[in-house]
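Note sheet for the following structure.
The values are calculated or read from the model by the stated rules, or taken from the named source; none is laboratory data. Please read these numbers as outputs of a predicted model, since none were measured by experiment. With ideal geometry, Cβ positions are generated from the backbone for all residues, glycine too; neighbour counts draw on all protein chains shown.
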């Protein structure tokens with residue numbers, strides 16, 4: 001379904017980004033993995049993708065740094081031959097009630113989660129306009145739709161990403177480039193896996209389906225949105241949340 005395409009996935013070494021990268025590779029895409037923490041985790045994803053017979057390059061970059069993002073995209077285009085699918089997934093959390101939240105924690109979350117998407121999209125904007133059927137997929141969150149106590153910074157960034165998605169979609173629609181957002185709910189990742197049983201039970205109680213989702217649930221949607229079958233879908237925010245925010 002994605003044969004011949006090149007996908008760039010930020011935050012691609014762990015969690016949702018890792019699963020999205022692997023899923024797109026299984027469907028025929030070559031993948032550029034962007035990460036900012038564990039070299040070993042990025043190398044592991046690279047090995048798994050290459051074992052499928054697909055090309056995979058890994059790039060360490062702080063997506064919040066505009067100049068670094070531009071250098072990154074230039075390098076990816078040079079080394080891999082282009083980018084057809086951009087997945088803005090990189091994100092961090094620095095939770096705390098607003099009363100005690102530090103300014104640097106608010107700024108850093110917005111810089112990575114929102115400005116990072118701007119940096120990558122801006123750097124690839126002209127390039128994507130020239131790629132037939134190019135796709136931009138932004139990973140938002142149901143928190144950006146509902147809000148969440150203790151996550152004013154994260155919710156603001158994810159809500160901002162929704163407005164960013166719709167604006168970019170309008171700008172690029174006439175060029176045949178789609179831009180959509182996915183809003184996951186609670187997904188089984190390393191982060192949620194560290195929660196206590198009591199907290200996990202409380203979370204499940206808020207979800208109509210009474211369970212957390214799997215990274216594969218989000219990755220399957222990302223792969224569909226990247227495919228030719230989704231060519232007439234743009235500017236959408238699609239929840240993967242077990243009904244949590246309906």
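Numbers at a glance
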{"quantity": "Selection count, the stretch 135-190, where residues are buried (at least 22 other Cβ atoms within 10 Å of the Cβ), touching a strand residue (DSSP E or B) at 6+ places or on another chain (Cβ under 6 Å) and in a helix (DSSP H, G or I)", "calculated": "3"}
{"quantity": "Test set (1) farther than 17 Å from residue 21 by Cβ; (2) out of contact with any helix residue (DSSP H, G or I) (no Cβ under 8 Å at 6 or more places or on another chain); (3) buried (at least 22 other Cβ atoms within 10 Å of the Cβ) - residue 104 fails condition number", "calculated": "(3)"}
{"quantity": "Criterion violated by residue 131 - all others in (1) touching a residue at least 40 places away in the same chain (Cβ under 8 Å); (2) in a helix (DSSP H, G or I); (3) over 16 Å from residue 113 (Cβ atoms) satisfied", "calculated": "(2)"}
{"quantity": "Within the stretch 62-82, tally of residues that are buried (at least 22 other Cβ atoms within 10 Å of the Cβ) and touching a helix residue (DSSP H, G or I) at 6+ places or on another chain (Cβ under 8 Å)", "calculated": "5"}
{"quantity": "Members of the stretch 42-79 that are within 25 Å of residue 181 (Cβ to Cβ) and assigned to a helix (DSSP H, G or I)", "calculated": "42, 45, 49, 66, 68, 69, 70, 72, 73, 76, 77"}
{"quantity": "Criterion violated by residue 195 - all others in (1) without any contact (Cβ under 8 Å) to a residue 60 or more places away in the chain; (2) assigned to a helix (DSSP H, G or I); (3) surrounded by fewer than 18 Cβ atoms within 10 Å (Cβ to Cβ) satisfied", "calculated": "(2)"}
{"quantity": "Residues being in a strand (DSSP E or B) and either at pLDDT below 95 or more than 27 Å from residue 186 (Cα to Cα) (or both) - total across the stretch 1-41", "calculated": "2"}
